[in-house]
Each structure stands twice: as structure tokens, then as C-alpha cells.
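Following this message is one structure expressed as C-alpha cells.
The values are calculated or read from the model by the stated rules, or taken from the named source; none is laboratory data. Remember, it's a predicted structure, so these values are computed and weren't measured experimentally. So basically every Cβ, Gly included, is an ideal-geometry build from the backbone, and we count neighbours across all protein chains shown. Each accessible area value is taken on the protein alone, full model and side chains, heavy atoms only, with ligands, DNA and RNA left out. Shrake-Rupley method; radii C 1.70, N 1.55, O 1.52, S 1.80 Å.
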Amino acid sequence: MFRFGSLVRKYSVSYSLVQSNNGEYDGDGVYRKGAPVIIPLQGSIQPIGARLLQLDGGRYTEDDRALYTTYAHVNGEVISYNGHQYIVNDGDDRSGYCDTYKFMLKRVSTHDPIP
């Protein structure tokens with residue numbers, strides 16, 4: 001098994017996993033949305049190379065990123081990094097031969113952030 005966890009930790013930055021919190025009904029029967037749960041994590045967030053930007057008919061943009069981490073994310077999770085939100089997309093399951101994961105992050109529009 002390849003051990004890249006120490007290399008990822010060496011070049012890692014802080015980012016947050018934003019999980020939605022189920023709300024509850026107040027005494028008047030009005031549903032109140034709960035505050036999101038923020039989980040601090042570490043990983044290496046890199047820009048996407050030019051070759052990958054051109055694949056799949058421009059599926060990725062210059063605002064999207066690649067995430068290398070030891071945390072196993074699920075597609076659709078929301079990541080907050082450097083004041084921007086990203087949605088986890090296209091994860092590679094490398095658990096059979098490597099101790100790290102690679103995920104593609106699609107940037108969420110600043111005009112339509114995820115609460």
C-alpha cells in the first residue's frame with residue numbers, strides 16, 4: 001500500500017466540511033432551520049491543470065479545485081475554503097492501494113451560496 005498521508009499533511013491547508021443541521025418546530029409550529037455544523041479538516045487543495053479543464057467539454061472551470069485528503073468525503077458534500085464554497089464531485093476510491101483520497105471540487109456561485 002502506498003502511504004501518501006504524510007505528504008498530504010505536509011502541504012495541507014485548513015478547510016471546513018459544512019453539514020446541514022436538521023431544524024425543528026418551535027412552540028408556534030413554525031419550522032426553524034438549524035445552523036449548519038462546521039467540521040474543520042485538513043487537506044491539500046490544488047488548482048486543476050489545463051488538460052483536465054479541456055476534458056469532458058469544459059466540465060471544469062478555473063474556479064474548481066482538486067482536493068487530496070485522508071478524509072473520505074461523499075459526493076455532494078459542501079466544502080468551505082478560503083471564503084468560497086465547493087461541492088465535492090468525482091471522488092476516487094483509492095482505499096485498496098493508497099491512504100489518501102482525491103476529490104474534484106466544483107465551486108458554488110457567489111450569487112447563489114449554499115446556506
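Work out the charge dipole of the chain with +1 on the Cβ of Lys and Arg and -1 on the Cβ of Asp and Glu about the Cα centre, then indicate which of ALA50, VAL108, GLY91 is farthest towards its positive end.
Farthest towards the positive pole: ALA50.
While we're on this one: Each residue of segment 28-33 in order: what ³J(HN,Hα) in whole Hz does its phi give by Karplus 6.51 cos²θ - 1.76 cosθ + 1.60, θ = phi - 60°, with x for Gly and Pro?
Listing the rounded values in order: 8, x, 8, 6, 10, 5 Hz.
Per DSSP H run of n ≥ 4, the term is -39500 (n - 2.57); total these for the chain, divide by its residue number, and report the mean residue ellipticity at 222 nm rounded to 500 deg cm²/dmol.
Calculated mean residue ellipticity at 222 nm is -2000 deg cm²/dmol.
Say a paramagnetic label sat at a point 7 Å from the Cα of ARG3, along Cα to Cβ; which residues of segment 82-109 have their backbone N under 14 Å from it?
Correct set: 98-100.
For ARG32 and ASP99, what is the calculated FRET efficiency with R₀ set at 41 Å and r taken between the beta-carbons, to the nearest 0.05?
Details: r = 41 Å, r/R0 = 1.00.
In this case the efficiency is close to 0.50.
Give me the percent of the accessible area of the chain that comes from carbon and sulfur atoms, probe 1.4 Å, all protein chains in place.
49 percent
Quick one, which of (i) 15.6; (ii) 14.4; (iii) 16.2 is the actual Kirkwood radius over Cα pairs in Å calculated for this model?
(i)
Report the calculated FRET efficiency for SER109 and LYS10 (r = Cβ-Cβ distance, R0 = 30 Å), to the nearest 0.05.
After rounding to 0.05, the efficiency reads 0.40.
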